[in-house]
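Below is one structure, written out as structure tokens, with a few remarks after it.
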There are 2 protein chains.
Amino acid sequence: MIIGVLGGGQLGRMLAMAALPLGVRTRFLDTSPEAPAAAVGELVVGDAADPAVMARFVRGLSLVTYEFENFSADIVEAAQAHVPVYPPATALRTGQDRLREKTLFADLGINVPAFAPADSEEELTRALARIGTPCVVKTRRMGYDGKGQAVVRTPEDARALWARLGGVPLLVEAFVPFTSEVSIIGVRSLQGEVRTYPLVNNVHVGGILRQSLCPAPGVPAGVEETARAHMSAVLERLEYVGVLAIEFFEVSGRLLANEMAPRVHNSGHWTIEGAHTSQFENHVRAVCGMPLGDTGARGASMMLNIIGEPVDAARRLQMGARVHVHDYGKEPRAGRKVGHLTIVADTPGEIEPVYAPVRG
Amino acid sequence: MIIGVLGGGQLGRMLAMAALPLGVRTRFLDTSPEAPAAAVGELVVGDAADPAVMARFVRGLSLVTYEFENFSADIVEAAQAHVPVYPPATALRTGQDRLREKTLFADLGINVPAFAPADSEEELTRALARIGTPCVVKTRRMGYDGKGQAVVRTPEDARALWARLGGVPLLVEAFVPFTSEVSIIGVRSLQGEVRTYPLVNNVHVGGILRQSLCPAPGVPAGVEETARAHMSAVLERLEYVGVLAIEFFEVSGRLLANEMAPRVHNSGHWTIEGAHTSQFENHVRAVCGMPLGDTGARGASMMLNIIGEPVDAARRLQMGARVHVHDYGKEPRAGRKVGHLTIVADTPGEIEPVYAPVRG
């Protein structure tokens, strides 16, 4: 079986490595001939919007999936004319649009920060008045790693932001003074089997994930069960197939859904060594219609991103005998994720976080 | 860094998959364009004895290692003219020759079955008289998966075997009525760091490994420590670099060394999911001069080879949520290893062996 993956970054590479032992080969479509996934899978270099490229890409594939969500839904439709695409287009459209996302969460009874869309400067002014300041203003589409969003404190900030972002549709959200940031990864298979991973604690700096901890420290009892229930509800509603990530703000034990990603997610990288089955393997199993693997944790884990500096495995491994290095084979550039480390231990007490996981 | 690997079978593929996250690329030399390792690494197809092929293979490599040991030591010397080769040539020569192997074990005070070389039909007759029957007669070189050996009960058997094997040098060994078969994997790095994995129990059928269990059931206290000490002694004596496997017969708690393999080994496949660091990753770390990873077990594991039948991951995964499938991407043929399963559990009691691990 050969499966196609839109995007050939590190997520694609880790999918390819998980797929191979299952007898599943991978083909990636990426605009760059340097795509990291090419180290394991076939690579088609080109623009997915070009019908000739798409035709070349889908030839002989059993299905198509994706490892990033910032591409036009037209591309999914083009692929779908040839082969099934998982996760489904509805999930992609929801994950691409912060308004749809928040609306879905609210519909399912999942708490979210107060939010209001703003498609014009007047709407922005009105939304600001309704939500109050400080608030967070985000582009509805194409945001990632903290890009396309800013904290707004005054109406002047808002007007300047409107001009800077070029008048694209925005979403205004209440600023949440969170206790911690947590996320959950879930997976639903073609057959409808659902499994969820344990809740993890995340620390972002400058909008970029730096550290994930499993189990999530300082989270009151019952919160993890709530997050698992929310994940299952979203998976079922979207008739989802594959891995989904949802990020929450945790405010004194109350969860507010922040965003979802319809793909394998950086906050699930710890699962390679820290869970019985990695998010990458379970994504492949799910889209290929195979039984899902155990999502339980194996001890405690800490994932640390390596950003903008050389990976240098030999040096990192000196940190300890249970340190695992993942070098994505990318040239370091400022702000670029080039690798990650996962440190595993039998108990959470043996792991010393690099970043404080909970606000003091 | 790019490392070269002589041989491109499943062991090579698993080495390549372990190397990639460490930022280490792999290039394989194999006579077959269908070599499984080509799914992850570069592949040079050709005869290693051809100087032009060797020159093409070694270009730009940092070092050469190997994933099988049945090739001429001349090839190692040819490679060594260009780049370092690990494990060292002495280890390869020892692993290739059952007489050298047994002599090394005996020199280090490691118990072995009584043995005698036989380079002629008369020597065979004398060896038989000295060792007694039944005994096991093996070719000194090029044996694997039970090939090149037979149980001999009478002098007539021995004469027939001599004729059948074509007069190659043989080793006669006492037949060992073992309680169980066990093996140990050890690793020594370029810097001389040594780590050993837990002892595992192996079941062979028709000379081919079928099942490995970690921990090894029914082994009296102290036996594992003895095996670890033997492994360390061999690693040090050979100034070894990389992963080494030693197989023992266990006779009521006494270990008799049977053979060694100067490479990653089938009885160490369980380490991918069952140990903190796999044998493949530790081999790469060792030859690249990186710190070694923790060789401790994570719970209990059972490895089952898939031999001569389709792997069919979807079906195998129905066995349970902690079953892991490794499909080598090979066409099934009678007696051919095409994949393996590893089943992990928190405790040995949760694992039900397919083959009885200890003789009743």
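The values are calculated or read from the model by the stated rules, or taken from the named source; none is laboratory data. In this text the structure is predicted, and so the values were computed from the model without any measurement. Here Cβ is always computed from backbone atoms with ideal geometry, including for glycine, and neighbour counts include all displayed protein chains.
Would you be able to tell me the number of residues in the stretch B:230-249 that are closer than 23 Å to B:Pro357 by Cβ and surrounded by fewer than 24 Cβ atoms within 10 Å (Cβ to Cβ)?
Going through the stretch B:230-249 one residue at a time, the tally reaches 4.
Which of the residues that make up the stretch B:93-144 are of a type in the set (S, T, N, Q) and surrounded by fewer than 21 Cβ atoms within 10 Å (Cβ to Cβ)?
B:Gln96, B:Thr103, B:Asn111, B:Ser120, B:Thr125, B:Thr133, B:Thr139
Determine which member of the set B:Val284, B:Val325, B:Val264 is in contact with a Leu (Cβ under 9 Å, 6 or more places away or on another chain), facing another protein chain (nearest Cβ under 8 Å) and among the β-branched types (Val, Ile, Thr).
That would be B:Val325, the only listed residue that is in contact with a Leu (Cβ under 9 Å, 6 or more places away or on another chain), facing another protein chain (nearest Cβ under 8 Å) and among the β-branched types (Val, Ile, Thr).
Name the single residue, out of those in the stretch B:311-322 being in contact with a strand residue (DSSP E or B) (Cβ under 8 Å, 6 or more places away or on another chain) and more than 7 Å from chain A (Cβ to nearest Cβ), that is nearest to A:Gly23 (Cα to Cα).
The selected residue is B:Arg316.
Among (1) within 18 Å of B:Val354 (Cα to Cα); (2) touching a His at 6+ places or on another chain (Cβ under 8 Å); (3) touching a residue at least 24 places away in the same chain (Cβ under 8 Å), there is one condition B:Ala321 misses while meeting the rest; what is its number?
That leaves (3) as the condition not met.
What pairs can you find where one residue is in the stretch B:192-204 and touching a residue at least 12 places away in the same chain (Cβ under 8 Å), the other is aromatic (Phe, Trp, Tyr) and surrounded by fewer than 24 Cβ atoms within 10 Å (Cβ to Cβ), and their Cβ atoms are less than 6 Å apart, with a gap of 6+ or different chains?
B:Val203/B:Tyr355
Give just the number: which of (1) modelled with pLDDT of 95 or more; (2) under 18 Å from the mean Cα position of the chain (by Cα); (3) not in a loop (DSSP other than H, G, I, E, B); (4) not hydroxyl-bearing (Ser, Thr, Tyr) does B:Gly95 not satisfy?
(1)
Which pairs turn up if I take residues in the stretch A:110-121 that are of a type in the set (Val, Ile, Thr) and look for partners that are surrounded by fewer than 17 Cβ atoms within 10 Å (Cβ to Cβ) with beta carbon separation below 6 Å, at least 6 apart in sequence or on another chain?
Matching pairs, first to second residue: A:Val112/A:Ala106.
Quick check: is even one residue across the stretch A:282-289 surrounded by fewer than 21 Cβ atoms within 10 Å (Cβ to Cβ) and free of Cβ contacts under 8 Å to residues at least 40 places away in the same chain? So that I can check it myself, show each step before the final result.
Just the residues of the stretch A:282-289 that are surrounded by fewer than 21 Cβ atoms within 10 Å (Cβ to Cβ), to begin with: A:289.
Cutting the leftovers down to free of Cβ contacts under 8 Å to residues at least 40 places away in the same chain gives us none.
Scanning the stretch A:282-289 turns up no residue that is surrounded by fewer than 21 Cβ atoms within 10 Å (Cβ to Cβ) and free of Cβ contacts under 8 Å to residues at least 40 places away in the same chain.
Would you check if A:Gly339 is assigned to a strand (DSSP E or B) and not aromatic (Phe, Trp, Tyr)?
Working: assigned to a strand (DSSP E or B): yes; not aromatic (Phe, Trp, Tyr): yes.
Against the criterion (assigned to a strand (DSSP E or B) and not aromatic (Phe, Trp, Tyr)), A:Gly339 qualifies.
I'd like the full set of residues that are in contact with a helix residue (DSSP H, G or I) (Cβ under 6 Å, 6 or more places away or on another chain) and closer than 21 Å to B:Pro262 by Cβ, limited to the stretch B:99-138.
B:Arg100, B:Glu101, B:Leu104, B:Leu108, B:Ile110, B:Val112, B:Phe115, B:Pro117, B:Lys138
Looking only at the stretch B:196-231, how many residues end up being of a type in the set (D, E, K, R) and within 20 Å of B:Gly95 (Cα to Cα)?
Number of matching residues: 1.
Checking B:Ile272 against (1) within 12 Å of chain A (Cβ to nearest Cβ); (2) in contact with an Asp or Glu (Cβ under 7 Å, 6 or more places away or on another chain); (3) touching a residue at least 60 places away in the same chain (Cβ under 8 Å): exactly one of these is not met. Which one?
(2)
Taking the stretch B:288-310 as the region of interest, how many residues are closer than 29 Å to A:Ala313 by Cβ and either touching an Asp or Glu at 6+ places or on another chain (Cβ under 9 Å) or more than 8 Å from chain A (Cβ to nearest Cβ) (or both)?
The qualifying residues number 10.
Any residue in the stretch B:342-360 that is within 17 Å of B:Glu181 (Cβ to Cβ) sitting within a Cβ distance under 6 Å of a residue that is modelled with pLDDT under 95? List the pairs, counting only those 6 or more apart or interchain.
Once the first residue is within 17 Å of B:Glu181 (Cβ to Cβ) and sits in the stretch B:342-360, its partners that are modelled with pLDDT under 95 give B:Val358/B:Gly218.
Among the strands (runs of 3 or more DSSP E) contained in the stretch A:1-92, which hold 2 or more residues that are touching a residue at least 60 places away in the same chain (Cβ under 8 Å)?
Strands (runs of 3 or more DSSP E) meeting the threshold: A:2-6, A:63-66.
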